[in-house]
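A quick write-up on the structure given underneath.
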Amino acid sequence: MFLYQLHEAGRSWMAPLTYWAEANAKAFSAAGSWLSALPGAERVSAANELLYRIGKDYEKPAFDIHSVEIEGNAYPVVEKLVLDKPFCRLLRFKRYTDDAESITELKGQQPVLVVAPLSGHHATLLRDTVRTLLRDHKVYITDWVDARMVPSERGDFSLDDYVAYVEEFIRTIGAEDLHVISVCQPTVPVLAAVALMAARGEPTPRSLVLMGGPIDTRESPTAVNNLATQKPLWWFEHNVIHQVPANYPGSGRRVYPGFLQHTGFMSMNPERHFQSHWDFYQDLVKGDMEDAESHRRFYDEYNAVLDMPAEYYLDTIRVVFQEFLLPRGLWDVAGERVRLEAITGTAILTVEGELDDISGQGQTRAAHKLCTGVAAADQAHLTVEGAGHYGIFSGRRWRTLVYPQVRDFIARYAAKPASGAPRKRRRPAAGKPRR
């Protein structure tokens, strides 16, 4: 009951030691400092920096995308807020140039909405995804808000609300020319949102790119899936759901705390993380600053976690991992049945990693057999050899193997709609607004 409060108390107790370690690390390594000339100064500095990084708080990193290189030319990039919702900010990364010909070319490129996962890490984990897409597209992304920072009076946030957010974002950008890329967890609510829009006769995106997501978790279950199925729903509610302490804007809100999620992340590969920190210490002692900085960048992102709203988290456990409602065709969102066969005018590309230990092979590919209204010619699948979960959307394999195929798939449907697209679609009648 008071685990979150105990965590905050421990964090406050550790703060002086953390600050002291940071100061020592700098004092024993700074050029010109007499302490750096003492025997063993490198080891003292390295040990203190390691202690500092283990004990420090990790705030949400910045996207830090200020320019993109296109055909040898650098274009400034500005991060713009398009829509501000209580639990999510819709951002656009807008490219600028003074060249009239380039302006015309950039305006003619296809808009892409990247739906980032709300599963512990911040949307900045998809920084490499966004930077790569900016070469050829107008890029939007869902920037989910840490639930502990959302005042309780702003209401709850459920999986149904997530679906409604995705629908609103698609309408805001404009579905007619839009391509949606969902990474991991959001493949489920994105499919639901597009299916509901299609069933109502609304315009739907030209294409969906579904990457490493739990669409049908009965296929190749992983350790993540097994945990969700081995425990009843009440166990999750009583053991991982806690109230936000009074020192945050969301005081009293029920959440799945980020620090518990981080513990889960680390426990999946404890030996690898221990070795990584030991290598970091050795790199500092040897003066290998390039490898040390690579470690800092990775863990600055990996250790920055957010709290998830309890309603959304518990809904996901039940709907996706325990009852498999989407693939069984039994999922109702805000009173509407999700019928994946209603999707007809949207092409679908699924991407899976051969070594993915979070979403097993076949879980994402299942979308093809479920979306029976999409013509076979408008469906494609890619299994990335040697890639784990993160490798399909970030890093060398993403840039050299995955992105070229994603780019070409989007380009194919930029010129023409999917073969099943209706010629004319009606917008839904006005009714009670959804959250």
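Read the figures in this text as sums done on the coordinates, not as results from a lab. Everything numeric in this text was worked out from a predicted model, so none of it was measured. Methodologically, a virtual Cβ is constructed for each residue, glycine included, from the backbone with ideal geometry; neighbour enumeration extends over all protein chains shown.
Details
- Rounded to the nearest 500, the helix-only mean residue ellipticity at 222 nm of the chain stands at -12000 deg cm²/dmol, with each DSSP H run of n ≥ 4 adding -39,500 (n - 2.57).
- Based on Cα contacts under 8 Å between residues 6+ apart, the chain shows a relative contact order of 19 percent.
- Interchain or long-range residues, amide H under 5 Å from L83's placed H: L90
- Separation of the Y96 and L6 label points, Cα + 7 Å toward Cβ, nm: 5.1
- FRET efficiency for A415 and S33, using Cβ-Cβ distance with R0 set to 45 Å, rounded to 0.05: 0.15
- Amide H to amide H, with H built 1.01 Å from N, F157 comes under 5 Å of E311, Y312, counting only residues 5 or more places away or on other chains.
- Modelled this way, with points 7 Å down the Cα-to-C-beta line, the labels at Y281 and T104 are 6.2 nm from one another.
- Normalised alpha carbon radius of gyration of the stretch 311-382 [divisor 2.2 N^0.38 Å]: 1.21
- Rg of the Cα atoms in the stretch 215-333, relative to 2.2 N^0.38 Å, amounts to 1.37.
- When its C-alpha radius of gyration is set against 2.2 N^0.38 Å (N residues), the stretch 197-238 gives a value of 1.78.
- Equivalent ellipsoid semi-axes, the stretch 332-421, via Cα gyration tensor eigenvalues times 5, rooted, Å: 25, 18, 10
- Computed from backbone phi, the HN-Hα couplings of the stretch 378-388 come to 9, 10, 8, 9, 9, 9, 8, 5, x, 9, x Hz, rounded to whole numbers (Karplus: 6.51 cos²θ - 1.76 cosθ + 1.60, θ = phi - 60°; Gly and Pro given as x).
- Karplus (6.51, -1.76, 1.60) ³J(HN,Hα), θ = phi - 60°, over the stretch 244-257, in Hz, Gly and Pro reported as x: 5, x, 5, 8, 10, x, x, 3, x, 5, 7, 9, 9, x
- Cα-based convex hull volume of the chain per residue, rounded to whole Å³: 161
- Candidates K60, K80, K286: whichever shows maximal mean-square fluctuation once the chain is modelled as a Gaussian network with Cα springs under 10 Å: K286
- The stretch 1-111: C-alpha gyration tensor shape, a/c 1.5 cut-off, then a/b vs b/c: oblate
- Note: relative contact order over the stretch 1-108, using C-alpha pairs below 8 Å and six or more positions apart, is 15 percent.
- GluC sites (Glu not before Pro) within the stretch 272-361, DSSP loop, no more than 14 other Cβ atoms inside 10 Å: E323, E354
- Approximate shape of the stretch 97-237 as ellipsoid semi-axes (Cα gyration tensor, √5λ), whole Å, largest first: 31, 17, 17
- Taking amide hydrogens as placed 1.01 Å from N in the peptide plane, the amide H of V333 sits under 5 Å from those of V338, each at least 5 positions away in sequence or on another chain.
- Relative frequency of Cα-Cα separations exceeding 20 Å in the stretch 44-107, percent: 55
- Among A47, A100, A116, residue whose mean-square fluctuation peaks in a GNM of the chain (springs only between Cα atoms under 10 Å): A100
- For the stretch 278-335, the Kirkwood radius over C-alpha pairs fed into Stokes-Einstein at 4 °C and 1.567 mPa s yields D = 86 µm² per second.
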